[in-house]
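The values are calculated or read from the model by the stated rules, or taken from the named source; none is laboratory data. Keep in mind it's a predicted model, so treat the numbers as computed, not measured. As a convention, Cβ positions derive from the backbone with ideal geometry for all residues, glycine included, and neighbour counts pool all protein chains shown. Remember, those area values only see protein heavy atoms, side chains included, never the ligands or the DNA or RNA. Shrake-Rupley method; radii C 1.70, N 1.55, O 1.52, S 1.80 Å.
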Amino acid sequence: VQLQAFGGGLVQAGGSLRLSCAASGRIFSSTFVGWFRQVSGKERDFVAAISWSGAGPYYADSVRGRFTISRDNAKNTVYLQMNSLKPEDTAVYYCATGPVIRSYVSDGGRYNYWGQGTLVTVSS
């Protein structure tokens with residue numbers, strides 16, 4: 001499985017961005033796709049997750065109500081719509097997938113495949 005994340009950029013606080021994660025290869029409907037983010041020098045944090053079959057979505061408390069994860073199975077693509085962005089949302093965003101059960105969707109160590117990351121910068 002290969003993942004390609006794109007859509008990052010520079011946006012002012014309060015603005016919006018939509019990230020995309022395009023998947024190719026052998027994809028199983030039961031697998032989850034998660035979005036994580038990482039600031040240099042800090043740990044990687046869970047953002048959101050959804051399965052290809054529609055289980056979920058799951059969100060980190062810090063983004064719930066502002067971010068929306070969705071999927072387009074026909075395009076093998078998962079989206080992360082980010083609204084009301086804050087400077088603290090600045091990070092490199094990664095998408096990942098793997099045979100993760102829903103109890104562990106926020107655990108990045110459970111995901112086998114990772115995209116290359118896309119940088120989101122929110123200016124104040």
Inset, instruction - Can you run down the residue pairs with Cβ atoms below 6 Å, 6 or more apart or on separate chains, where the first is in the range 105-121 and under 11 Å from Phe36 (Cβ atoms) and the partner is of a type outside the set (Val, Ile, Thr) and open to solvent by 80 Å² or more (accessible area, probe 1.4 Å)? - result: Gly108/Arg44; Gly115/Gln4
Inset, instruction - Scan Arg66, Arg110 and give me the residue that is in contact with a Leu (Cβ under 9 Å, 6 or more places away or on another chain) and among the charged types (D, E, K, R). - result: Arg66
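Based on what the data block shows, is Thr90 open to solvent by less than 30 Å² (accessible area, probe 1.4 Å), in contact with a strand residue (DSSP E or B) (Cβ under 7 Å, 6 or more places away or on another chain), of a type in the set (Ser, Thr, Tyr) and in contact (Cβ under 8 Å) with a residue 40 or more places away in the chain?
Taking the combined requirement at face value, the residue does not satisfy it.
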Inset, instruction - Would you check if Arg71 is open to solvent by 60 Å² or more (accessible area, probe 1.4 Å) and either aliphatic (A, V, I, L, M) or touching a strand residue (DSSP E or B) at 6+ places or on another chain (Cβ under 9 Å) (or both)? - result: yes
Legend entry - Selection count where residues are surrounded by fewer than 19 Cβ atoms within 10 Å (Cβ to Cβ) and assigned to a loop (DSSP other than H, G, I, E, B), scope the range 100-118: 6
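Anything in the range 27-61 that is of a type in the set (Phe, Trp, Tyr), more than 23 Å from Glu88 (Cα to Cα) and either buried (at least 20 other Cβ atoms within 10 Å of the Cβ) or touching a residue at least 60 places away in the same chain (Cβ under 8 Å) (or both)? List them, or say none.
First, pick out the residues of the range 27-61 that are of a type in the set (Phe, Trp, Tyr): 28, 32, 35-36, 46, 52, 58-59.
Filter again for more than 23 Å from Glu88 (Cα to Cα), leaving 28, 32, 52.
Answer for the range 27-61, where residues must be of a type in the set (Phe, Trp, Tyr), more than 23 Å from Glu88 (Cα to Cα) and either buried (at least 20 other Cβ atoms within 10 Å of the Cβ) or touching a residue at least 60 places away in the same chain (Cβ under 8 Å) (or both): Phe28, Phe32.
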Legend entry - Subset of the range 56-84 [hydrophobic (A, V, I, L, M, F, W, C) and over 11 Å from Val33 (Cβ atoms)]: Ala60, Val63, Phe67, Ala74, Met82
